[in-house]
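Remarks on the structure that follows.
The values are calculated or read from the model by the stated rules, or taken from the named source; none is laboratory data. All values derive from a computational prediction rather than experimental measurement. Backbone-built Cβ (ideal geometry, glycine too); neighbour counts: all protein chains shown. Protein only, heavy atoms only, side chains kept; ligands, DNA and RNA dropped before computing areas. Shrake-Rupley method; radii C 1.70, N 1.55, O 1.52, S 1.80 Å.
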Amino acid sequence: MSDVARVAGVSTATVSRVVNGHYGVSARTIAQVRSAIDQLGYESSLVATSLRRSRTNVLGLVTHSFQSYTAEVLKGAMKALSRSGFDLIIYANSDLYGSYSEGWEKRHVARLSGTLTDGCIVVTPWGEVQSRTPIVAIDPVRGSTAHSVTADNLAGATTAVEHLLGLGHRRIGFIAGRASLAAAWSREEGYRAALADAGIPVDPTLIGEGDFNPESATPLARALLQRADPPTAIFAASDGMALKVLEAAAELGLAVPGDLSVVGFDNIPESALTLPGLTTVDQSMYQLGYEAARMLKSLVTGEWEGPRQVVLPTDLVVRGSSAPPRGATRP
């Protein structure tokens, strides 16, 4: 601040008033100080600022890893905060191999809350997160009472399976996500509900328990496809897992969609780039991030008047990976 004051030809007290937006400084002096700040590349300390005014105007986004899903969420959050006076800091798991233990999100939030951030967005947590600053969860755990934003996973999954049923499929496999997440539970419920509505009993041997980690889907897909009576279609609870199903089918010499139809959930950018393109449920990950950041900012400023849980609509995106089974006609 002394350097800024020297270059601008003012006192350090004046620089402080300009930086902190206090009244009583002329427009000409403000311009001089801002010019000196730009020239010197001056930035105030987040910790010092938080101690002075009990707020940093910085929000956190906590995630265990960066994948396509997280990247789209981040884009939405950044858009929501543009020109809002709030910045965004990203905190990700530091394990190079992508593994993480239970409670990772609680540790990360504890490191950010208070002096560095005014609140945090937590992406797909493993448990309920408590903090002295506001928290918004994207895809919370089952039974969560925290502020959260999620897609209408039940409706999206139901629509996906109804699409396969409408094509004539009757043996439809399912690769589930991490059971502790409300999203995973709702997607399995949608799978079961669609089959029940069609009068088709659920075959538990056609359900593979994944965890949203794409690699978890590979052995599950192989097990389903190497059965004596394999399914003619597989619905995966995430696009990452669905892409692994496509890989497993190719390795086994199966044509998609000729021998096997595949449907995912998310609509990550990669889903449109496969050959054939992946039929999937679009849950607008960008919008999830946008709404979570908007909610968190309003919670920090005390302006939030909406519900604790925001549910966003989903849409089915039909591409080339789904078609009627061989020799079947649409019902």
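Number of residues in the range 134-155 that are part of a loop (DSSP other than H, G, I, E, B) and not small (Gly, Ala, Ser) equals 6. In the range 191-229, the qualifying residues are those that are touching a residue at least 40 places away in the same chain (Cβ under 8 Å) and closer than 21 Å to Arg326 by Cα, and the one that is most open to solvent (accessible area, probe 1.4 Å) is Asp229. Among what's in the range 24-44 and is hydroxyl-bearing (Ser, Thr, Tyr) and more than 22 Å from Thr56 (Cβ to Cβ), pick the residue that is surrounded by the fewest Cβ atoms within 10 Å (Cβ to Cβ). Here the answer is Ser26. Taking the numbered list (1) closer than 27 Å to Pro307 by Cβ; (2) in contact (Cβ under 8 Å) with a residue 60 or more places away in the chain; (3) touching a Ser or Thr at 6+ places or on another chain (Cβ under 6 Å); (4) open to solvent by less than 10 Å² (accessible area, probe 1.4 Å) in turn, Val122 passes all entries but (3). Screening Arg326 on (1) surrounded by fewer than 15 Cβ atoms within 10 Å (Cβ to Cβ); (2) farther than 30 Å from Ser82 by Cα; (3) in contact with a His (Cβ under 7 Å, 6 or more places away or on another chain) shows it passes everything except condition (3).
Residue by residue, here is whether (1) at pLDDT below 85; (2) under 22 Å from Thr301 (Cβ atoms); (3) open to solvent by 60 Å² or more (accessible area, probe 1.4 Å) holds:
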{"site": "Val19", "(1), (2), (3)": "yes, yes, no"}
{"site": "Ser50", "(1), (2), (3)": "yes, yes, no"}
{"site": "Ser54", "(1), (2), (3)": "yes, yes, yes"}
{"site": "Leu88", "(1), (2), (3)": "no, yes, no"}
{"site": "Glu102", "(1), (2), (3)": "yes, no, yes"}
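The condition of being in contact (Cβ under 8 Å) with a residue 12 or more places away in the chain, out of contact with any Lys or Arg (no Cβ under 6 Å at 6 or more places or on another chain), over 28 Å from Gly127 (Cα atoms) and open to solvent by 40 Å² or more (accessible area, probe 1.4 Å) holds for only one of Arg142, Arg170, that being Arg170.
Does Thr158 qualify as being in a helix (DSSP H, G or I), open to solvent by less than 60 Å² (accessible area, probe 1.4 Å) and of a type in the set (Val, Ile, Thr)? Yes: the conditions hold for Thr158. Please verify whether Arg222 is farther than 22 Å from Tyr69 by Cβ and not in a helix (DSSP H, G or I), treating the condition exactly as stated. No: the conditions fail for Arg222.
Do we have any residue at all in the range 295-317 that's part of a loop (DSSP other than H, G, I, E, B) and crowded, with 18+ Cβ neighbours inside 10 Å? Show your work before the answer.
Here is the first cut: in the range 295-317, the residues part of a loop (DSSP other than H, G, I, E, B) are 302-308, 313-314.
Okay, now just the ones that are also crowded, with 18+ Cβ neighbours inside 10 Å, so 314.
Checked against the condition, which is being part of a loop (DSSP other than H, G, I, E, B) and crowded, with 18+ Cβ neighbours inside 10 Å, the range 295-317 yields at least one hit.
Take Arg187 and decide whether it is of a type in the set (Lys, Arg) and open to solvent by less than 20 Å² (accessible area, probe 1.4 Å). Taking the combined requirement at face value, the residue satisfies it. Mind checking whether some residue in the range 232-247 is over 23 Å from Thr314 (Cα atoms), outside any loop (DSSP other than H, G, I, E, B) and of a type in the set (S, T, N, Q)? No, there is no match, as no residue in the range 232-247 is over 23 Å from Thr314 (Cα atoms), outside any loop (DSSP other than H, G, I, E, B) and of a type in the set (S, T, N, Q). Can you pull out every residue in the range 230-279 that is touching a residue at least 60 places away in the same chain (Cβ under 8 Å), open to solvent by less than 40 Å² (accessible area, probe 1.4 Å) and β-branched (Val, Ile, Thr)? Scanning the range 230-279 gives Ile234, Val245, Val256, Val262, Val263, Ile268, Thr279.
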